[in-house]
Amino acid sequence: MWLLGLSWALSMLATMVGSGPAVPPPGMASIFADLSAAELGAVRSFLLSRPELGLSPSHHGPLAKNSLFLVELLPPKKRLALRYLDQGGPRPQRQARAVIFFGGQAEPNITELAVGPLPQPSWYRPLSFKGGRSVPFTARPMTLLEYEELHRVLAAAMAPLNRLLRDATGFWYHNGSCQHPRGSEGDGLGQRCLTFSDVAPRGLVSGERRSWLILQRFVEGFFLHPVGLEVLVDHRDPDPRRWAVQQLWYNGRYFSSPHQLAETYERGTLEVARLPLPPARQLFSSYEPRGRFATGTPSKVQGARVCEPQGRRYRLRGNLLEYGGWSLAFRLRSSAGLQLFDLRFNGERVAYEVSVQEAVAFYGGHSPAAMQTKYMDAGWGMGSVTYELAPGIDCPATATFVDAHHLYDTEGPTRFSRALCVFELPTGVPLRRHFDSDFQGGFHFYAGLEGQALVLRTTSTVYNYDYIWDFLLYPNGVAEAKVHATGYIHATFYTPQGQRYGSRVHSHLLGNLHTHLVHYKVDLDVAGTGNSFETMDIRFENISNPWSPGARVVQPWLHRQPRHSERQAAFPFGSPLPRYLLVTNPRQLNRWGHSRGYRIQLNSHASHVLPRGWQEEKGISWSRYHLAVTRHHENEHSSSSIYAQNEPWEPLVHFESFLRDNETIEDQDLVAWVTVGFLHVPHAEDIPNTATPGNAVGFFLRPFNFFDEDPSVASRDPLIVRPLDPPAFTRLQIQRWTPASPGPCGAPAPFTYNGTYRQD
């Protein structure tokens with residue numbers, strides 16, 4: 001075969017590569033960067049130095065004190081950021097958001113402050129919620145200090161039940177903490193401690209702070225080891241000495257106090273659930289291998305890997321990420337996680353912000369803890385639990401890893417090593433390809449373009465569940481937001497009545513049904529901020545056939561529907577969602593006369609979690625809609641808050657109010673709010689962990705007449721094969737614009753191609 005020379009390919013590359021539009025320098029992207037450790041420390045020191053605030057250390061002393069809970073970046077207002085980025089205006093002042101628990105006063109409350117200017121703060125001012133509401137003290141997220149007090153109270157309350165717990169489980173509740181689920185004792189079970197998982201919301205009405213605690217054996221994967229005892233503790237009072245156990249549930253029965261349960265056991269009238277001791281090795285909740293695959297194919301060798309044969313094709317400078325035509329600024333905010341800003345393709349802004357807002361999981365069950373579990377993960381510091389990513393597993397070993405700093409319920413900035421990663425990923429599917437057959441056993445040409453995407457990834461381990469958060473950038477102007485759910489299922493003690501609410505997944509274990517929902521903010525600026533929203537779908541027409549009199553034709557036609565107001569652009573669950581959801585700029589046309597636009601395409605199986613307006617549903621009113629499009633307002637910067645979990649009944653952020661004024665959305669700065677999710681009915685294969693395949697949802701942002709053609713034509717990754725001597729097909733012209741892969745990353749033999757399909 002005749003192979004086109006590498007020098008020819010490189011000369012073609014030189015003639016085709018041009019200078020692309022400029023992207024903002026890294027210094028401009030830094031207006032969106034998370035606070036550094038030095039900045040976090042400076043804000044903390046400044047606030048602790050203000051005598052009027054009266055702040056005390058977070059992890060020591062009483063609960064009834066003033067303490068600093070959270071510090072993170074307060075992003076600049078959009079109008080100021082755009083003036084700086086696009087018009088050469090002044091650089092926005094860098095500020096911090098600080099959350100303070102004022103518990104050491106007659107009327108405890110939570111106050112949020114703006115603190116600036118950074119890096120050396122000298123002032124602070126209160127931040128307010130839409131409508132000017134204050135944050136009740138009972139809405140605050142849990143702290144480590146409050147958990148320590150819960151452990152002490154629970155240990156004292158469990159003292160009368162130690163005999164029952166030892167007899168039934170072999171474990172008991174220690175008056176002190178157990179540090180490791182597996183200790184050094186001969187049976188590998190450590191100190192045989194019991195621990196607990198708590199559920200939320202913490203009560204039934206606003207102002208309560210009552211938590212159901214699920215007691216579990218403290219072994220690896222303790223989430224899957226409930227012992228059949230659930231305890232309701234009232235911990236509303238700032239003084240833990242006045243906390244009290246209000247109810248207990250054991251193996252299907254309710255009790256008013258630990259003493260009542262203990263007396264029932266001593267009388268021999270209690271149906272006891274006796275649990276065998278867990279094994280020291282190959283525990284069912286452990287990752288330790290067990291069993292064999294049937295085929296006998298190699299299993300004790302490494303699998304396929306990602307490699308970069310000629311180095312990285314992306315650039316990371318501070319928080320500015322560039323890849324192909326893409327550039328963006330990113331941050332990992334402690335409160336809610338990944339947030340992208342100033343998303344551009346070939347220097348032109350596509351979106352001002354794309355960010356995670358909230359993730360919820362609402363459950364059903366027979367036990368009180370199961371029926372009470374309605375997790376709203378921003379209330380658990382969803383963005384602050386970004387623990388270290390493992391090279392080769394969480395991200396390819398070739399990835400670039402980025403540390404994060406959080407000041408969330410800590411005495412100072414805490415470094416989370418390798419909290420994010422960036423890597424280029426072969427998708428395993430061509431971005432596009434074609435085999436042009438001659439229909440005589442040969443071909444005119446073959447052409448294909450490698451499928452590649454850049455991935456920005458982090459994770460949130462919110463108690464038992466692990467969320468893998470991805471943003472993917474494709475060379476054809478498509479961006480994707482995706483979340484995989486994994487980790488341990490939230491499980492409760494099995495009773496026969498419980499099977500109505502899930503599946504029995506082990507001898508004493510019920511996997512409770514639940515629905516995951518994730519909410520995103522998508523502030524698209526398509527060819528500018530003056531955008532409109534329209535939907536498209538097909539309808540059918542029955543017309544006379546113009547070329548065959550008397551016959552009729554039924555065919556689809558394109559039904560375009562401009563949406564003029566916010567209510568017209570809100571699509572509730574239970575109603576059909578139009579298949580094309582388009583944000584366009586009517587004043588900007590592509591070469592072919594179409595309004596330049598981007599399409600929002602959902603990958604979701606989401607539905608309602610509660611009836612509209614029912615109690616806790618008010619705190620997640622965004623969950624009523626697949627999609628809602630609103631006008632941009634600075635005081636509608638987020639659809640949820642860290643307080644929604646413990647105050648869902650009268651939420652501080654009520655998303656429905658964003659739609660209430662039903663403003664016009666024609667030629668305006670628009671924000672799309674996207675809800676994706678899925679129903680999870682746990683099953684035996686969720687043991688030991690929920691696997692990621694099939695448990696991913698998200699959405700795409702796809703150009704729709706934004707360009708004049710597919711912008712990935714600028715990629716140098718295509719391969720074209722043309723026969724030079726048909727019909728013999730013995731000489732081929734093979735065109736590549738990138739060198740063949742050298743070294744172990746390449747194929748074991750040179751690239752070849754035949755293309756014929758003749759009969760033997």
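Brief remarks on what is shown
- The chain, helix-only ellipticity at 222 nm - DSSP H runs n ≥ 4, -39,500 (n - 2.57), divided by all residues, nearest 500: -3000 deg cm²/dmol
- Surface composition of the chain: carbon and sulfur make up 53 percent of the accessible area, probe 1.4 Å.
- Option label - volume of the Cα convex hull per residue in Å³ computed here, alternatives (i) 221; (ii) 403; (iii) 247: (i)
- Distance between the modelled labels on Arg312 and Glu656, one decimal in nanometres: 4.7 nm (7 Å Cα→Cβ projection).
- A 1.4 Å probe, protein heavy atoms only, puts the accessible area of Thr486 near 20 Å².
- Arg432 paired with Ala37, simple spin-label distance in nm, labels 7 Å along Cα-to-beta-carbon: 4.8 nm
- Within straight-line cross-link reach of Lys77, lysines at Cα separation under 16 Å, skipping those fewer than 8 residues along the same chain: Lys130, Lys521
- Ser122 accessible area, assembled protein chains, probe 1.4 Å, Å²: 80 Å²
- Chain lengthening between Arg731 and Arg758 when straightened (0.36 nm per residue, less Cα-Cα): 8.1 nm
- The distance between label points at Val681 and Ser122 comes to 6.4 nm (points 7 Å beyond Cα on the Cα→Cβ vector).
- A Förster radius of 25 Å, combined with the Cβ-Cβ distance separating Ala114 from Arg631, puts the computed FRET efficiency at roughly 0.60.
- Potential extension, Arg716-Tyr463 segment - 0.36 nm per residue separation minus Cα distance: 86.7 nm
- Surface listing: Ser45, Ser367 arranged by accessible area from highest to lowest gives Ser45, Ser367, probe 1.4 Å.
- Counting heavy atoms of the protein chains alone, Asp394 has an accessible area of about 50 Å² for a 1.4 Å probe.
- Accessible surface for the stretch 599-739, divided over its residues, is 38 Å² per residue with a 1.4 Å probe.
- Contour excess over end-to-end distance, with Cα ends at Cys745 and His259 and 0.36 nm allotted per residue: 168.3 nm
- Sequence of Ile489, Ile543 from largest to smallest accessible area, 1.4 Å probe: Ile543, Ile489
- Pairs of Cα atoms nearer than 8 Å and 6+ residues apart set the relative contact order; for the chain it is 13 percent.
The values are calculated or read from the model by the stated rules, or taken from the named source; none is laboratory data. Here the structure is a predicted model, which means the values were calculated and not measured. Note that we place each Cβ from the backbone using ideal geometry, even for glycine, and neighbour counts take in every protein chain shown. Calculation scope for accessible area: heavy atoms of the full protein, side chains included, ligands and nucleic acids excluded. Shrake-Rupley method; radii C 1.70, N 1.55, O 1.52, S 1.80 Å.
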